[in-house]
Amino acid sequence: MNTPELKQLKMAWLAAKEAGDTQEQSRLLREYPSQQDELINFIAAYNATADDEDADPTSGELLPISQRAYQTALQRVFEAQAAFTSLTELRKNRNLSKTEASRGLRLSVDVWNKFENGAIELFSLTQRQMGYLAQYFQVTIDQFSQALNGSQPTFTLNRRQTSEAARQSQQGPQKQTLQEAIDRSTMTKEDKQFWLE
C-alpha cells in the first residue's frame, strides 16, 4: 500500500541516492521499521530497473545494510511467489501451527480452519482485512487472495456412510462470509470488533 508516508520516504530515499548520501539512505531504513519492508522492495526495484552503472548493485560497493536489504527484497520477490498455493502451505512455510496463526491474527481456530478449508468467500473480505492478513504472513494482498482461492478442503471417506451421505460430504464446506464465520465463532468480543469494525 502506497501511503502518503511511504511516498515521502521513497522521495527522501531518491533524494539521498541522487545526492550520494549513503548515511541518509541507511538512516531512512533504520528509523522507519514499520515501512522498512516496503522501502526495501522499492530500493530493490529501483536498483533492478536503473540504467546507470552506479545504481547497479553488482557494479559498486554497497553498504552492508543495503546489501542485506537488496538480498531480502530479491528473495521475497522471486522465491515467495511460487512457495505456496494454499493457506495451509503458506502457514506451514512460516512454521506456524494453526493455533499460533489464529492467535497472531486474533481469530479463533475454527475461523482460521474455515480459511484454510476454503469456506470463507474472498469477496466478503474488506481491503483492510485483506491487508491485515497479507501483512501478517508477509505477502502481498494478491498472493494471499490466490492462496485463499487455492485452499480446498481435504476429503476423508467414512466407510460407514451411505453413498448419498458421502456424496453430500464431498461437496465441500458450505461457503460463508467472514462476518458469518466470526458471528458464529468463539472469539472474544474485542477480537470480533477488531475484525468487523
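Derivation of every value follows stated rules applied to the coordinates shown; laboratory data play no part. The model shown is predicted, which means the values in this text are computed figures rather than measured ones. Don't worry about glycine lacking a Cβ; one is built from the backbone with ideal geometry, like all the others, and counts go over all protein chains shown.
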* Asked: By per-residue mean of other Cβ atoms within 10 Å, what is the highest-first order of 138-148, 88-98?
  -> 138-148, 88-98
* Asked: Can you give the net charge of the other residues whose Cβ lies under 14 Å from the Cβ of Lys10, counting K and R as +1 and D and E as -1?
  -> -3
* Sorted by mean Cβ packing within 10 Å, highest first, what order do the peptides 105-114, 128-137 take? -> 105-114, 128-137
* For labels at Asn113 and Leu14 in the simple 7 Å Cα→Cβ model, what's the distance in nm? -> 5.0 nm
* To do: Go ahead and run the numbers for FRET between Glu89 and Glu197, Cβ-Cβ distance against an R0 of 25 Å, rounding to 0.05.
  => 0.25
